[in-house]
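The structure under discussion appears below in the form of structure tokens.
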Amino acid sequence: MDTVRRSAVDPARGLSAADVAERVEKGEVNRAPAAPTRTVSQIVRANVFTRFNALLGAMLVLILIVGPLQDALFGVVLVANTLIGIVQELRAKRTLDRLTLLTAPTATVVRDGDASRVAASAVVRDDVLALEPGDQIVVDGDVLLSDRLEVDESLLTGESEPVVKAPGDRVLSGSFVVAGTGRIEVRELGADAYAARIAEDARRFTLTRSELRSGIDRILTYVTWAIVPTAALLFVSQYRAHDAWRPALSGAVAGTVAMVPEGLVLLTSIAFSVAVVRLAKRRVLVQELPAVEGLARVDVLCIDKTGTLTEGKLALDRIERLDDDLDPEPVLAALAAADPAPNATLRAIGDALESPGGGWTVEDTVPFSSARKWSAAAFVGHGAWLLGAPDVLTEDRDTLAKVATHADAGARVVLLARAEEFAGDALPTSAAVALVVLSDRVRPDAADTLRYFAEQGVRVTVISGDAPSTVGAISSSLGLDGADEPVDARALPDDDTGLTEALESHRVFGRVTPQQKREMVTALQGAGHTVAMTGDGVNDALALKDADIGVAMGTGADATRAVAQIVLLDGTFDALPSVVGEGRRVLGNIERTSNLYLTKTVYAMVLSLAVGVASVAFPFLPRHLTLIGALTIGIPSFFLALAPSAERFRPGFVSRVLRFTIPTGILAATATFLGYRLATHEPGVTTMQARTTAVMTLTFVGLLVLSIVAAPLNRWRLALVWSMGVLAVLAFVLPATQTFFALDPPPLTVWLASIGIASLTWTLARFFVPEERPVGTRWRAEGE
């Protein structure tokens, strides 16, 4: 133990209760910046003050001035959409906030001589914090005591090598302990801490990229630029057609409102919010909403063995002597007792063996680290002892053959060796004394989870610090392809090309260091893969940070939970398929609804251009397009956005949506314009009847588009399409709805002709609409 730095605080006792109360009263508490979720006011502002709300709001004011109240019906939809968006996001926020409390960082404070675990927000200035491996450092402080304390500051500096901290050294928030123990005195906390000044919530990573949201943003940018000139042209043409500004303004508003895909952003937010709530019920914390989508895009899943495939609860199986003159049990018990922060291996040994009693005074120690793969302790009168990976501590072939036998059976084996002495972290010469065989129970759900990912086309790669044969044996027992050819990571090439080739051709890797895990993730990303990484130990934190999606076990170290986008609170691997399923539901269903809303935008723009060129009255009143939009887009899109979906991710969201919506929108506009012009040229047909003809034609085409987007048409989707058709028929035949929506069915000949035009136009769709369906690929009714 290094010497104590001079300080006003006794590192053994820490602050008193009175000292803590005084600092709390002064506000010297670790109030960290708010977590990266929006506040209530931000949610309200984000849903109310949007560019489309501003546009539609202006249109609403104009209609209230110049038109009848029925034409302002889209205002009700505007308000309802906004309220629904706010309610859903607030619901998701409450769920996230509750779960975040369960995974909030904690710290071990020493007060009045007692150490206790408290929330990071309860730490006060001058507190003494006790540090152990795996602890995330939540404040800036000075080291008071150090027992070979090693801190990883890579999340702050990018340097992957752990830094040894001595008394008097500064430690920074956002770093974490990888080896040794120590105590620090809190100096800077809350918003003044180093990590808080450079990154939100003491984390140095960018938010998960969302292809879905970025694609929608691109589409909305295109739409915004197209709406302004089209709306201006429409107003000019309507003024010329009517020679009066009131009907001209009404027609222009009708066309402009139809161009706005107002529900698309709303449904995207709702889909993500509902996914968060659904996953929360499965005890999955989503720390970044786009991560739900991101995991659905993953094609390579990197997992650790311990804590993922196995339960991570080691038990001592047996001790095999290699030196008959030495009894290894007292030594092993002493090693377990000497480590103030034992890892899983030492805990299992300590639980199984009785305390060695007196006479085992610790003289010096080297704590275990994933990079060294061994630990050591020297005892007065008993010499120096090492415990670690057999293939690191010995080269004896007979010993390694015994190790291989146990490893092939899936056991974890560590070697106890005796050394004359050791100096620092250099590996001393030693003699093997005993093999310690430990068992780790395989998770009962692991095989099914691996099978699920194989069926979904996701390649699972196991990267572990354990012996390759052990990792291979367990992976093989679970049915993982390629597990019979495990690779020793120490033999991997250093160049990126060679590493990538090894990763592409093998599935199981053992003796992987934390830095190698990071390099493997980077190599896979460089090969064009979308990579997810799961882990629970401090040695997984670097790889989790660099992966496209980091998944931490809730039972793991603070450091892994701090950098992960998704936390499995119960620490069970079988929760991952539900996350993938939610992501695919969001991706597939938002693509469906995007096709609906953007088809409407295209046909509204094409119709506006057509009437502008032809200098005729716009075929719809605002209330007409509200009715059509509700029946063919608005109502069904809410059901489709939240429906089950197992569609696999395919890149190219924007191009695929545009390839579908542009031709379908043009065809819908063509059929509608032809039907409208047919009615206006038919003797005796009134303007209201001609407009009703256009409404019927566009509704019919809209239902056809809905049937394509909703495919495959299982029972409930078929019922959805038909129910919208029934509502449309009722709107056309009921006197009350006829009056409210200004509908007057035309003569039978005009009605049949318009339907014929719509059907004929849609028959041509097979020549213009791409064969690749927007999402669904089957037309017949079937179950999911």
*Is it true that ASP408 is of a type in the set (Asp, Glu) and either open to solvent by 50 Å² or more (accessible area, probe 1.4 Å) or out of contact with any helix residue (DSSP H, G or I) (no Cβ under 9 Å at 6 or more places or on another chain) (or both)?*
yes
*Applying the selection to the range 484-496, what residues are part of a helix (DSSP H, G or I) and under 19 Å from ALA543 (Cα atoms)?*
ALA489, ARG490, ASP496
*When you go through (1) open to solvent by 30 Å² or more (accessible area, probe 1.4 Å); (2) assigned to a helix (DSSP H, G or I) one by one for SER475, which number turns out not to apply?*
(1)
*If you go through the range 463-472 one residue at a time, how many are among the aliphatic types (A, V, I, L, M) and either within 18 Å of VAL403 (Cβ to Cβ) or in a helix (DSSP H, G or I) (or both)?*
2
*Answer yes if at least one residue in the range 54-63 is of a type outside the set (S, T, N, Q), under 25 Å from VAL277 (Cβ atoms), open to solvent by 50 Å² or more (accessible area, probe 1.4 Å) and modelled with pLDDT of 75 or more, and no otherwise.*
no
*Does the range 604-623 contain at least one residue that is in contact with a Lys or Arg (Cβ under 7 Å, 6 or more places away or on another chain), open to solvent by less than 20 Å² (accessible area, probe 1.4 Å) and more than 30 Å from GLN136 (Cβ to Cβ)?*
yes
*Hey, any hits in the range 630-649 for a residue that's open to solvent by 30 Å² or more (accessible area, probe 1.4 Å) and closer than 20 Å to THR739 by Cα?*
yes
*Look at the range 697-715 and say how many of its residues are modelled with pLDDT of 90 or more and either small (Gly, Ala, Ser) or open to solvent by 60 Å² or more (accessible area, probe 1.4 Å) (or both).*
2
*Would you call ARG677 under 26 Å from TYR222 (Cα atoms) and in a helix (DSSP H, G or I)?*
no
_Matching residues in the range 498-515 - criterion: being part of a helix (DSSP H, G or I) and open to solvent by 40 Å² or more (accessible area, probe 1.4 Å)_ = GLU501, GLU504, SER505, GLN515
*When you scan the range 542-637 for helices (runs of 4 or more DSSP H) that lie fully inside it, which ones turn up with 2 or more residues that are closer than 29 Å to ALA711 by Cβ, touching a residue at least 12 places away in the same chain (Cβ under 8 Å) and of a type outside the set (Ser, Thr, Tyr)?*
576-614, 622-629
*Among (1) over 27 Å from GLU132 (Cα atoms); (2) hydroxyl-bearing (Ser, Thr, Tyr); (3) open to solvent by less than 30 Å² (accessible area, probe 1.4 Å) - the single one THR534 does not satisfy*: (1)
*Top-ranked residue in the range 428-442 [being within 35 Å of the chain's Cα centre (by Cα) and open to solvent by 30 Å² or more (accessible area, probe 1.4 Å); ranked as nearest to ALA378 (Cα to Cα)]*: SER439
*Residue tally, condition not basic (Lys, Arg) and not in a strand (DSSP E or B), over the range 434-459*: 15
*Considering only residues of the range 163-185 that are without any contact (Cβ under 8 Å) to a residue 60 or more places away in the chain and of a type in the set (A, V, I, L, M, F, W, C), which is nearest to ARG13 (Cα to Cα)?*
ILE184
*Tell me which residues, restricted to the range 109-122, are of a type in the set (S, T, N, Q) and either in contact with a Cys (Cβ under 7 Å, 6 or more places away or on another chain) or surrounded by fewer than 16 Cβ atoms within 10 Å (Cβ to Cβ) (or both).*
SER116
*asked:* Exactly one condition in (1) open to solvent by 10 Å² or more (accessible area, probe 1.4 Å); (2) over 21 Å from VAL298 (Cα atoms) is false for LEU587; which is it?
replied: (2)
*Where residues in the range 363-385 are more than 46 Å from the chain's Cα centre (by Cα) and open to solvent by 20 Å² or more (accessible area, probe 1.4 Å), which of them is nearest to PRO342 (Cα to Cα)?*
GLU363
*Mind checking whether some residue in the range 476-496 is charged (D, E, K, R) and either in contact with a Leu (Cβ under 6 Å, 6 or more places away or on another chain) or closer than 30 Å to LEU326 by Cβ (or both)?*
yes
*Hey, SER469 over 28 Å from the mean Cα position of the chain (by Cα), over 22 Å from CYS302 (Cβ atoms) and open to solvent by 10 Å² or more (accessible area, probe 1.4 Å) or not*: no
_Filter result for the condition that a residue is of a type outside the set (D, E, K, R) and assigned to a helix (DSSP H, G or I), over ALA348, ALA341_ = ALA348
*What number goes with the only condition from (1) in contact with a Ser or Thr (Cβ under 8 Å, 6 or more places away or on another chain); (2) farther than 30 Å from SER375 by Cα; (3) modelled with pLDDT of 90 or more that PHE509 does not pass?*
(2)
_So for the range 556-579 (the condition being open to solvent by less than 10 Å² (accessible area, probe 1.4 Å) and acidic (Asp, Glu)), does at least one residue qualify?_
no
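The values are calculated or read from the model by the stated rules, or taken from the named source; none is laboratory data. Every value quoted in this text rests on a predicted model; they were computed, and no experiment measured them. Positions of Cβ are backbone-derived with ideal geometry, glycine not excepted, and every protein chain shown enters the neighbour counts. Side chains are part of the model used for accessible areas, which takes the heavy atoms of the whole protein and leaves out ligands, DNA and RNA. Shrake-Rupley method; radii C 1.70, N 1.55, O 1.52, S 1.80 Å.
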